[in-house]
Amino acid sequence: MTAADASGDRAGREYPPRPIVGIGVALLKPDAVLLVRRGRAPALGSWSLPGGAQKLGETAEQAARRELTEETGLAAGALVLAANVDSIHRDPDGRVQYHYTILDFAGLHVDGDPVPGSDVTEVIWAPFDGLEEFGLWSEAQRVIALARSLLLRAE
């Protein structure tokens, strides 16, 4: 990670010299998961779990909590590590344009209403039975299923 990445700057994320640690959060209600619509590349306009890059000196859980608050205005109670995901995007020449190793956490909604913050244009509680309309990446779907099995076993 470059000094710019460590300070939270977006420079250096495109064509990185090594993978960047990304953090995601599957925040759940009994019948829904929190989704955000991305406002920047590489997933501009796509729905996903809230999250972003870990900063130097920050634990993975601290990064998860910071990103959740920055992107949605919400805080989480207890978080558990649910999954890891590799997100590798290549340009037309086959060069790695973006490479994130993502650590996804799962937590339950405590209180409050989500509000779009940095890097996102919309935030929504998506019902589990209607996730197909959001065009989620298969890995996001997998993480949501894992988070549900970890946290909502009483269903």
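Coordinate-derived values only; no laboratory data. Since the model is a prediction, treat every value here as computed from it, not as a measurement. We place every Cβ from the backbone using ideal geometry, glycine too, and count neighbours over all the protein chains shown.
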In whole Hz and in residue order, list the ³J(HN,Hα) couplings for segment 131-141 that follow from phi through the Karplus curve 6.51 cos²θ - 1.76 cosθ + 1.60, θ = phi - 60°; x for Gly and Pro.
5, 4, 6, 8, x, 5, 4, 4, 5, 5, 4
Assuming 0.36 nm per residue, please report the length gained on full extension of the stretch residue 18 to residue 56 beyond their Cα-Cα distance.
12.2 nm
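Above 14 Å lies some portion of the pair distances; for segment 97-155, what is it as a whole percent of all C-alpha pairs?
70 percent
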Counting only Cα, what are the radius of gyration and maximum Cα-Cα distance Dmax of the chain, in Å?
15.0, 48
Taking the chain and dividing mean pair separation by its residue count, relative contact order in percent (alpha carbons under 8 Å, at least six apart):
30 percent
At a 10 angstrom cut-off on C-beta neighbours, averaged per residue, how do the peptides 48-56, 75-83, 130-138 rank from highest to lowest?
48-56, 75-83, 130-138
Stretched fully, the stretch from residue 150 through residue 101 gains (0.36 nm per residue minus C-alpha distance, one decimal, in nm) 15.5 nm
How would you rank 60-67, 117-124, highest first, on the average number of other Cβ atoms within 10 Å across their residues?
60-67, 117-124
